[in-house]
There are 4 protein chains.
Amino acid sequence: MAGAKNNAILLIVSPDKPGLVSAVSEFVYNHDGNIVDSDQHTDLETGTFLMRLEWEMGGFQLDRASLARELAPLAKKYRMDYSLHFSDRRSRMAILVSKYQHCLYDLLVRHTLGEIDVDIPLILSNHPDLREVAEHFGIPFHVVPVAAESKDKAEAEQLQLLREHQVDLVVLARYMQVLSPAFVAAYPNAIINIHHSFLPAFIGGKPYHQAYARGVKLIGATSHYVTAELDNGPIIEQSVARVTHRDRVEDLIRKGRDQEKIALAYAVRMHVERRVLTYNNKTVVFE
Amino acid sequence: MAGAKNNAILLIVSPDKPGLVSAVSEFVYNHDGNIVDSDQHTDLETGTFLMRLEWEMGGFQLDRASLARELAPLAKKYRMDYSLHFSDRRSRMAILVSKYQHCLYDLLVRHTLGEIDVDIPLILSNHPDLREVAEHFGIPFHVVPVAAESKDKAEAEQLQLLREHQVDLVVLARYMQVLSPAFVAAYPNAIINIHHSFLPAFIGGKPYHQAYARGVKLIGATSHYVTAELDNGPIIEQSVARVTHRDRVEDLIRKGRDQEKIALAYAVRMHVERRVLTYNNKTVVFE
Amino acid sequence: MAGAKNNAILLIVSPDKPGLVSAVSEFVYNHDGNIVDSDQHTDLETGTFLMRLEWEMGGFQLDRASLARELAPLAKKYRMDYSLHFSDRRSRMAILVSKYQHCLYDLLVRHTLGEIDVDIPLILSNHPDLREVAEHFGIPFHVVPVAAESKDKAEAEQLQLLREHQVDLVVLARYMQVLSPAFVAAYPNAIINIHHSFLPAFIGGKPYHQAYARGVKLIGATSHYVTAELDNGPIIEQSVARVTHRDRVEDLIRKGRDQEKIALAYAVRMHVERRVLTYNNKTVVFE
Amino acid sequence: MAGAKNNAILLIVSPDKPGLVSAVSEFVYNHDGNIVDSDQHTDLETGTFLMRLEWEMGGFQLDRASLARELAPLAKKYRMDYSLHFSDRRSRMAILVSKYQHCLYDLLVRHTLGEIDVDIPLILSNHPDLREVAEHFGIPFHVVPVAAESKDKAEAEQLQLLREHQVDLVVLARYMQVLSPAFVAAYPNAIINIHHSFLPAFIGGKPYHQAYARGVKLIGATSHYVTAELDNGPIIEQSVARVTHRDRVEDLIRKGRDQEKIALAYAVRMHVERRVLTYNNKTVVFE
């Protein structure tokens, strides 16, 4: 498990430039860093270079502050957009739910099993229904009712709670409210939603009903970062299941739940392991 | 293989009514028909009943003409929309192509292997490029150029050729022309197209480019009956493949070819085995 | 949901004989039964006919006792091996577990959501670890320790508990003990196990370690009925996931958990909806 | 397409040692090589490091001979087992077939479409049946009959033909003869076979019959390098398809053909793009 170790993870998005890989590898090696994982991708069309580099901090000659300081000139030289993470500093994840319980249970069981290595300081809901689930797993549960006429106030309260708990990742586990652009802006590339269709098919409400009406032979689920434009953020993962004429809408919903759980859990795990980079409204997932 | 035998296949779409199954089974049994396959489906929402019944004509007491005559009152009583097929009367399938060869090869190899039990009296193209492929498999190849200003005339010529060869199934194997409503009307539920996306995502032109731009993690192909409305006919089959950030548009096209072949070949096989029924712009596929 | 209705379900395994379908359909129709689902299969190789027929008891002219009585001569005539079920008489399912919690949670959440329409009178374990999970879902939890030297006694106690609770389906949700032939004989075709490999590959212990050592590119899970021969009972469902060289044994275990959950839950749902028939150490699943 | 460019590809298998990545990247960069693709993997269990590095030879300061010479000391220092390839030097691939045509057609159509960037100097068969297929694609076809009593002589003739045509990759496209250890030894990690089961299930002959008898719900195909031990070489790719009780052996064979084609073509493409490394009887596929 990533979190058990003391590793540094460097994520880079930059213009593609010769010597970059060599310079970064050398930087780590020269300070006695043992690289345990390295992934890179070049998008030739846009000339974008993306990299994820993970090395052990045990034995590394720089402490965290020095590392940040010494990395800066290199980053500047190559015009890197970069971030630095440490595997012993876990993500603090909030889960937002309404009444659907399958994704919530799924995330919490995976958390219990160590599949998702995060702290979960709170679960937030606009309904009280899932309190017992949260309590069973020992996670504080907060209810903030959301009504159309007081949504701003509700969001302010939600954001206040997230800040208080130092949340850096928000997971919408079938949360049935659309977040305002202001809320979204507070967590850029840090709100993960699960949409219950194979996007961009069936954007918006009741996608299983739409899928049934169209007579598709596969249904899907899509996990993505939330952006201001509904259901249009960078896609992290998609998952599909076969359906037949025998499946009514309620069967699509049932089969879809499994796809939702899988696509959401995968996205969350990839995110917290710092394996997802975004550019151009797309993701690169260094699995 | 279905065609090797002398079986009758009865396809029924009717209002759901008690006694229908019993009446039809009894009819076949009373004339000493041995039922070898029976499938049915009830769409409770619309009250529609669909059935496929296959029995051996060897030993059956009625010849084909008598069968049709004696079935009529039963069909009337239950207000059946029905059709009767005989497995020794093979479909006569025309393939329409342009320049892409993967689906054409795929269909012809499957035909050679006996997977698709039809006669193929001709291959029609708006380009001469694939003549050698047709000739290798011993199928007559006709070129009818299609230009925007003379499309009506071209279609008239195509339809004339199809009629001459008594074609009852038209397969568009990546044929790059849109058929006119008049052409489509000549072959209701008997023109199968392969669209290179997971419909209804990416309707229209260049779906792989659209998919690349959106950053999806799965691409797909959809085989469907052609109706007057572009890419909106009853879906017969859909197939998907995973893609990653490493896949450029040309990789999507390459990966997509496999899905196109699979989804198209499956649809054709199901159609010629009389396993596809349509209602409500959807299909029931009795696999 | 099947259980919400009052339907009769007739399962038949018999020698293939003309007139059987007609006779059964007529029997139901003549007593005013409205058939809502009918599936059949003929195994031509062994001359075996299998059928599942479901009709509404509301409006049916026979009560349950009379139905059983009147069906008997028909069954005798066609030498049917048959069973009769009523959808308002739910299966009583016991879950046996050890320490792994993923399958247990999965089954209990699906039960909560109504996906698996059964009563669960008890959960049995050879360890106390999962008591809290059972309690959270309000299911009685019994611990019967199993040691090599006293296995007979432990099994006697388990069987006694199952009888007391009138259990008719036993689900081994990663239960880590091999059941004795005597135990198995008490529940023929009524004990469902999940084996964590794509059987018949990797029979026996530590299949994920075996899979890792062999360097396979797909791992799987298999749900099956338990018979006296280990890992060799009739297969109900199999599910696979891709793995790569990046996946260590612990990753196979993690990825495998999802497949185990899916293959087990599917098998249980099919069983309790009376959609699984067995013959010749195989299953027919009328999905 | 890889072959269109003039790239160098370096494949490394070595003991894991700090500084290796940095040293190799630096080596390429210092000679003005532009790295276009880099993949690496560390097997922590065995302490094995594997890497694939691809860079442009255009602008690179060393010619091929100098490159090989200057790389040697670096390779020695890190005890690398390595090989150097150039994308404009295509693999020379021989296809061995018997009577099955689906894999042969599949490979040749993909070759025509540019999916598999190789030269195919000959097709070898123990039967004359597929001569016309070879001729249609313009590939020389040689028949070398193989009888039990004269297998040595036949293999000597085959090897002679392969040498004459400077073949460096042998693909067994459902070739129905077992190669002798001596033949296998002539092409280490350069003979790719397609086995028609999900190995290690159903090793040996008639795997579809074995699968049917066992009642599995998924069938598969496995492409692997051939080693002296039958069906036990390093697995490159596996592919599966769902089957049901409705599928007879001939249906498994039909469905399996698609999986065979896909798993074989993928393995061949990965091999010729130098994306497959082997160690410990396993493969690493840098997709």
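The values are calculated or read from the model by the stated rules, or taken from the named source; none is laboratory data. Keep in mind the model is a prediction, meaning the values are calculated, not measured. Using ideal geometry, Cβ is built from the backbone for each residue, glycine included, and neighbour counts are taken over all protein chains shown.
Taking the criterion of being without any contact (Cβ under 8 Å) to a residue 60 or more places away in the chain and charged (D, E, K, R), the residues of the stretch A:107-161 that qualify are A:D119, A:D129, A:R131, A:E132, A:E135, A:E149, A:K151, A:D152, A:K153, A:E155, A:E157. Mind checking whether some residue in the stretch C:226-244 is assigned by TED's automatic domain parsing to the domain that holds C:V146 and over 24 Å from D:Q210 (Cβ atoms)? The answer is yes, given that some residue of the stretch C:226-244 is assigned by TED's automatic domain parsing to the domain that holds C:V146 and over 24 Å from D:Q210 (Cβ atoms).
Checked against (1) more than 9 Å from chain C (Cβ to nearest Cβ); (2) touching a residue at least 24 places away in the same chain (Cβ under 8 Å); (3) not in a helix (DSSP H, G or I), D:E229 meets all criteria but (2).
Within the stretch B:232-248, the set of residues being at the interface with another protein chain (Cβ under 8 Å from one of its Cβ atoms), touching a strand residue (DSSP E or B) at 6+ places or on another chain (Cβ under 8 Å) and surrounded by fewer than 19 Cβ atoms within 10 Å (Cβ to Cβ) comprises B:T244, B:H245, B:R246. Counting only residues that are farther than 18 Å from B:V28 by Cα and buried (at least 18 other Cβ atoms within 10 Å of the Cβ), the stretch C:23-33 holds 1 of them.
In the stretch C:258-266 there is at least one residue that is within 24 Å of C:L53 (Cα to Cα) and more than 8 Å from chain D (Cβ to nearest Cβ).
Just one residue in the set A:G47, A:G59, A:G19 is under 22 Å from D:A23 (Cβ atoms), within 14 Å of chain D (Cβ to nearest Cβ) and exposed (fewer than 13 other Cβ atoms within 10 Å of the Cβ); that residue is A:G59.
All of A:Q61, A:Q101 fail the test of being in contact with a His (Cβ under 6 Å, 6 or more places away or on another chain), more than 12 Å from A:L10 (Cα to Cα) and among the polar types (S, T, N, Q), apart from A:Q61. Within the stretch B:144-167, being within 13 Å of B:A94 (Cα to Cα) and outside any helix (DSSP H, G or I) holds for B:H165, B:Q166, B:V167. Residues being more than 18 Å from D:I219 (Cβ to Cβ), within 11 Å of chain D (Cβ to nearest Cβ) and in a loop (DSSP other than H, G, I, E, B) are entirely absent from the stretch C:180-198. Checking each residue in the stretch B:71-99 for being among the hydrophobic types (A, V, I, L, M, F, W, C) and under 19 Å from B:G33 (Cα atoms) picks out B:L71, B:A72, B:L74, B:A75, B:L84, B:F86. As a summary of the residue check, B:Y279 satisfies the conditions (1) under 23 Å from B:Q177 (Cβ atoms); (2) surrounded by fewer than 21 Cβ atoms within 10 Å (Cβ to Cβ) except for the one numbered (1). Residues in the stretch C:24-43 that are of a type in the set (A, V, I, L, M, F, W, C) and more than 8 Å from chain B (Cβ to nearest Cβ): C:V24, C:F27. Scanning the stretch B:258-276 for residues that are charged (D, E, K, R) and buried (at least 24 other Cβ atoms within 10 Å of the Cβ) yields B:E260, B:K261. Can A:V144 be described as assigned by TED's automatic domain parsing to the domain that holds A:V249 and buried (at least 24 other Cβ atoms within 10 Å of the Cβ)? For A:V144, the condition - assigned by TED's automatic domain parsing to the domain that holds A:V249 and buried (at least 24 other Cβ atoms within 10 Å of the Cβ) - is not met. Residue check: is C:L277 closer than 20 Å to D:Y212 by Cβ and not hydroxyl-bearing (S, T, Y)? Yes, satisfied. Exactly one residue out of D:D32, D:D43 is under 18 Å from D:E287 (Cα atoms) and modelled with pLDDT under 95, and it is D:D43. Surrounded by fewer than 17 Cβ atoms within 10 Å (Cβ to Cβ), closer than 30 Å to A:E45 by Cα and touching a helix residue (DSSP H, G or I) at 6+ places or on another chain (Cβ under 9 Å), is that true of B:G204? When the stated conditions are applied, B:G204 passes them. Annotation: of all residues in the stretch D:199-221 being out of contact with any strand residue (DSSP E or B) (no Cβ under 6 Å at 6 or more places or on another chain) and part of a helix (DSSP H, G or I), the one that is farthest from the other protein chains (Cβ to nearest Cβ) is D:Y208. Residue count for the stretch D:83-130 satisfying the condition of being over 16 Å from D:M270 (Cβ atoms), crowded, with 18+ Cβ neighbours inside 10 Å and aliphatic (A, V, I, L, M): 12. Of the residues in the stretch D:58-88, how many are within 28 Å of D:V170 (Cα to Cα) and touching a helix residue (DSSP H, G or I) at 6+ places or on another chain (Cβ under 9 Å)? Matching residues across the stretch D:58-88 total 7.
Listed here are the residues, each with its yes/no results for (1) within 21 Å of B:G220 (Cβ to Cβ); (2) of a type outside the set (V, I, T).
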position: A:V216; (1), (2): yes, no
position: A:G220; (1), (2): yes, yes
position: A:I236; (1), (2): yes, no
position: A:R248; (1), (2): no, yes
position: A:Q259; (1), (2): yes, yes
position: A:A265; (1), (2): no, yes
position: A:M270; (1), (2): no, yes
position: A:V276; (1), (2): no, no
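Taking the stretch C:249-287 as the range and being part of a loop (DSSP other than H, G, I, E, B) and either in contact (Cβ under 8 Å) with a residue 40 or more places away in the chain or touching a strand residue (DSSP E or B) at 6+ places or on another chain (Cβ under 8 Å) (or both) as the test, the residues that pass are C:E273, C:R274, C:R275, C:N280, C:N281, C:F286.
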